[in-house]
Amino acid sequence: MSRTFLITGVSSGLGRAFATAALEAGHTVIGTVRNPDQVAVFEQLAPDRAHARVLDVTDTDAVAQTVAAVEDKVGPIDVLVNNAGYGVEGTFEETPLDTFRHQFDVNVFGVVAVTQAVLPRMRERRAGHILFITSMGGLRAFPGLAAYHGSKFAVEGIAATLASEVAAFGLHVTAIEPGSFRTDWAGRSMHRVESTIADYDPVFAPIRERRLDMRGRQLGDPAQAGRALLAVVEAEKPPTHLILGSDALRLVADARSAFDAETAAWDELSKSTDHPDGERIA
């Protein structure tokens, strides 16, 4: 069955891979780009089914106008893929507050704006699938990515809540958590905060160097990620979470195991805070 996709951030990386896979499968894709000179390049992928729209997801008014125009001129949006975003690399102490704010403006509030613009029509039609491209960094954390992790953990919570709210309407919500893929995430799509505090060098410097060294040699294949996303969209009962990549599976499992072990070690103290007359949450 042919569907209409709205995918944010299709100029490169996973967004382009998702769009390409959908187009190759015969679907229609409206892809958002940041620059007008990217429009023709994207639309050449499939002149009759690839439609580019210039959009900054932090411009809430433009988001609402773009979604309304797409629905009127192209057709109902069946699948929303919230992909647009970028990374900030730098230790928590060295990352300016304005940098944190901009990271959340794009990665969180931009995602919220697009989803809120698309959701009412999906709800009215009682059909649709909303996908949030988060990260394994939305399920576990590494040094030097506080702003990025904060934004992705936030989207994970938003996605989980939304899934519970719209299931009764026949809508599906899936959070996609990629591991390390061969994209520009660690290059053009990464904002690097200057390191000025030598105390952090032993922990952070090797991580930054390793990330730069791995560019172009990451385990994940974007084309395979595109096919995986299509498999989720086409599933009768799609998952609420899908981790992409064996590296992400291992790293997330390690973090969950450590969390479970620590929780078990401190469970008596956790239980000690209960009021004797308290009512348990159902």
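Summary table below
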item: Value of relative contact order over the chain, rounded to a whole percent, pairs C-alpha under 8 Å and six or more apart; result: 19 percent
item: Dipole moment magnitude, nearest 20 debye, the chain about Cα centre, only Lys, Arg, Asp, Glu C-beta charged; result: 940 debye
item: The range 21-126 - Rg and Dmax from Cα coordinates, angstrom; result: 15.7, 49
item: In Å, descending, principal axis extents of the Cα set of the range 111-167; result: 43, 19, 13
item: With Cα atoms, 0 to 90° folded angle of helix 222-234 axis to the chain main axis; result: 80 degrees
item: Accessible surface, 1.4 Å probe, highest first, among residues Ser195, Ser164; result: Ser164, Ser195
item: Accessible solvent surface per residue of the chain, calculated while the other protein chains remain in place, 1.4 angstrom probe, Å²; result: 52 Å²
item: Most to least accessible of Thr240, Thr20, Thr91 (protein chains only, probe 1.4 Å); result: Thr240, Thr20, Thr91
item: Label-point separation in nm, Ile281 to Glu268, each point 7 Å along Cα→Cβ; result: 2.5 nm
item: Positive-pole candidate from Ala223, Ala282, Leu80, dipole of the chain, charges at beta carbon; result: Ala223
item: Under the Debye formula (equal points on every Cα, no solvent term), log10 I(q)/I(0) of the range 1-40 at q = 0.14, 0.19, 0.30, 0.31 Å⁻¹; result: -0.27, -0.49, -1.02, -1.06
item: The range 95-196 pair-distance distribution - Cα-Cα, 5 Å bins, rounded %; result: 2, 11, 20, 23, 17, 12, 8, 5, 2, 0, 0
item: Rg over Rh [alpha-carbon atoms, Kirkwood Rh] for the range 156-282; result: 1.08
item: Relative contact order (%) - the range 72-168, alpha-carbon pairs under 8 angstrom, separation at least six; result: 39 percent
item: Sequence of Lys152, Lys73 from largest to smallest accessible area, 1.4 Å probe; result: Lys73, Lys152
item: Area of Tyr148 that stays accessible when all protein chains are in place (1.4 Å probe, Å², to 10); result: 20 Å²
item: Cα radius of gyration and Dmax for the range 39-87 (Å); result: 11.8, 33
item: Rel. contact order, % - alpha carbon contacts under 8 angstrom, at least six apart, the range 1-70; result: 26 percent
item: Rounded to the nearest 20 debye, dipole of the range 192-255 from Cβ charges on Lys, Arg, Asp, Glu; result: 160 debye
item: Choice from Phe181, Phe142, Phe42 showing the highest fluctuation, given a GNM over the chain with Cα pairs closer than 10 Å; result: Phe142
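The values are calculated or read from the model by the stated rules, or taken from the named source; none is laboratory data. A quick note: this is a predicted structure, and the numbers were derived from the prediction, not measured. Glycine also receives a Cβ, built like all others from the backbone with ideal geometry; neighbour counts cover every protein chain displayed. Surface areas here come from the heavy atoms of the whole protein model, side chains and all, with no ligands, DNA or RNA. Shrake-Rupley method; radii C 1.70, N 1.55, O 1.52, S 1.80 Å.
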